[in-house]
1. In terms of modelled amide H atoms, which long-range or inter-chain residues lie less than 5 Å from the amide H of LEU134?
2. Out of residues 5 or more away from PHE17 or on other chains, whose amide H comes under 5 Å of its own, with H placed 1.01 Å from N in the peptide plane?
3. How high is the FRET efficiency between VAL318 and ASP265 when r is their beta carbon distance and R₀ equals 45 Å, given to the nearest 0.05?
4. Given a Förster distance of 22 angstrom, what is the FRET efficiency for GLN76 paired with ALA13, based on the Cβ-Cβ distance and rounded to 0.05?
5. In whole Hz, what ³J(HN,Hα) sequence does region 161-168 give by Karplus (6.51, -1.76, 1.60; θ = phi - 60°), x for Gly and Pro?
6. Where does region 149-188 land on Rg(C-alpha)/(2.2 N^0.38 Å)?
7. Through the Karplus equation 6.51 cos²θ - 1.76 cosθ + 1.60, θ set to phi - 60°, convert the phi angles of region 121-131 into ³J(HN,Hα) values in whole Hz; use x for Gly and Pro.
8. Taking amide H positions as placed 1.01 Å from N in the peptide plane, with prolines and chain starts having none, which residues 5 or more places from GLY115, or on another chain, fall under 5 Å of its amide H?
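Throughout, read-outs are computed from the coordinates displayed, never taken from laboratory work. Remember, predicted model here, so these are calculated numbers, not experimental data. Reconstructed Cβ throughout: ideal geometry from the backbone, glycine too, with neighbour counts over all protein chains shown.
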Amino acid sequence: MSTELIAKPFPVAGVVFAWAMPTSGDGYEIPLFEISEALENPNISIWLHLNLSNSQIQRWLEDTPLIPERVVEMIQEGVNLSRLERIEKLDDCLLMVMNDFQQEFGEEAGDSSLGTLWAIVRPKLMVSLRNNPLRTTDKLRYDLRGGQLNPSSIIELFHELLDLRAEQLRTLLVHLSENMDDLEENLLRGREFPEHENLGRIRIQCSRLRRHFSPELIALHRLLKRLPYWFSEEDKNSLNDDLDLLSYLVQEISSLYDRARVLQDEQAAHVAEFNAKNLQVLSVMTVIFLPMTLITGVMGMNMEDLPGLKGSFYEVMVLMSITGGAVFASLKLKRII
């Protein structure tokens, strides 16, 4: 990266994180006001994690020759590219539009709100862009600062990013699977039916995850078939391992979605059977008391020539009991009850 490539001073206001990876190893965090100088050093690889919502970063993307103009145009498109997961290869530059989980304070463990991560990868530079804080990139920079990770190249750093995101997805799926296990156990033991909202929420989450990660899986498969020249055989094998893991997780998402659908169908069947039994009881009670209601209605007409008006109250009650018993016996004979 020569000096002539750096047209303007780097806008430090929009920098979230900057990490240098020298050829000698032992990466370190780049101070904000030394980023421009680091970009001119050909002996180090750099990861820049930037806030795309910052106007200075947007202007820098337009002016810098480090990133192809076509890549900047695709980033600036008004379309939500997270719905169209893609990987574009332009010369020695890769643009990867990926999904990541949003980082929000006070969120639940099972929250699956997704955000968009743009990753521009070159042999010695990776620029990641996001509008909102994302879990994977935050975890990656914390691990780099803490010394848990020490990648020696941009490709190795990118693989670490994919692995951490897969771990976030796996954690979410484990949480959803545990919820499904509890709901299934309650249903099998004949306890209270699981709430429809819980099942619906799990099914919607799985549907959203599958809708976002399945196209990304296809895009990575396409990348594997036409890798840039600066990907080594080891890098190719690592990417293949990342693909296998992502394929497994997408299958787990589909499996959870199917389990939620089966459980919802079973719940609907139980609710329908419960309602049918209640309606049958109500119908039988209505049929049994219908003759009694008819007799009381007729006897309440207050006409002197009707039989029983001048007789005993007990005679009318016996007549009502006989008619009710007769209706009940006929329902029994016909096996309606």
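1. GLN103
2. HIS49
3. Approximately 0.35, to the nearest 0.05.
4. Efficiency, from the Cβ-Cβ distance: 0.70.
5. Once θ is set to phi - 60°, the couplings for region 161-168 become 4, 5, 5, 5, 5, 4, 5, 4 Hz.
6. 1.85
7. Per residue, the Karplus-derived 3J(HN,Hα) values read 10, 10, x, 10, 8, 10, 10, 10, 10, 8, 8 Hz.
8. ASP100, PHE101, GLN102
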